[in-house]
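Some notes on the structure that comes next.
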Amino acid sequence: MSNCLFCRIIRKEIPASILYEDDRLLAFGDITPQAPLHALIVPKRHIESLNALTPEDDALVGEMLRRAAAIARDKGFADRGFRTVFNTNREAGQTVFHIHLHLLAGRPMAWPPG
């Protein structure tokens, strides 16, 4: 999708603070961080929401979760704790319609969220 914000970041049309990149994923810092570490892990292939996933995407979602854990570990937060969140559709807070996993760490997290 040519106008998708995350697709434009993936194509390097918009700058971002890149934390990780491979052929399938890009991870970068959120521009309005809600924690000392607030990263977004994004598949390079445009997928609008979790509702659009197919069984063929199972490995991709697993890679996203493993990458979040690796970034938390690399940044020194794995043992303290971290939160991962997928927001799906507007009512849940999804504002960019390209699936992305939020990784938050570095402060106490409350429950329930929101």
With Cβ to Cβ distances under 15 Å as the rule, what net charge do the other residues near L37 carry (K, R +1; D, E -1)?
+3
For the chain, what is the charge dipole size about the Cα centre, in debye to the nearest 20, if Lys and Arg each add +1 at the Cβ and Asp and Glu each add -1 at the Cβ?
320
Ellipsoid equivalent to the stretch 12-55 - semi-axes via the Cα gyration tensor, in Å
21, 14, 10
Using a 1.4 Å probe on the protein heavy atoms, what percent of the accessible area of the chain belongs to carbon and sulfur?
52
For a quick check of your reading of the filter: which trypsin sites (Lys or Arg not before Pro) in the stretch 55-114 sit in a DSSP loop and have no more than 16 other Cβ atoms within 10 Å?
K75, R80
In Å and on Cα atoms, what radius of gyration and Dmax does the chain show?
13.6, 39
Set Lys and Arg Cβ to +1 and Asp and Glu Cβ to -1, take the dipole of the stretch 15-114 about its Cα centre, and tell me which of P55, A105, L26 lies farthest positive.
A105
Using a 1.4 angstrom probe, figure out how much accessible area the chain has per residue, in square angstrom, rounded to the nearest whole.
60
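The values are calculated or read from the model by the stated rules, or taken from the named source; none is laboratory data. What you are looking at is a predicted structure, and each value in this text was computed from that prediction instead of being measured. Cβ coordinates were reconstructed from backbone atoms using ideal geometry, including for glycine residues, and neighbour counts include every protein chain displayed. When the accessible area is computed, the model is the full protein with side chains, heavy atoms only, and any ligands, DNA or RNA have been set aside. Shrake-Rupley method; radii C 1.70, N 1.55, O 1.52, S 1.80 Å.
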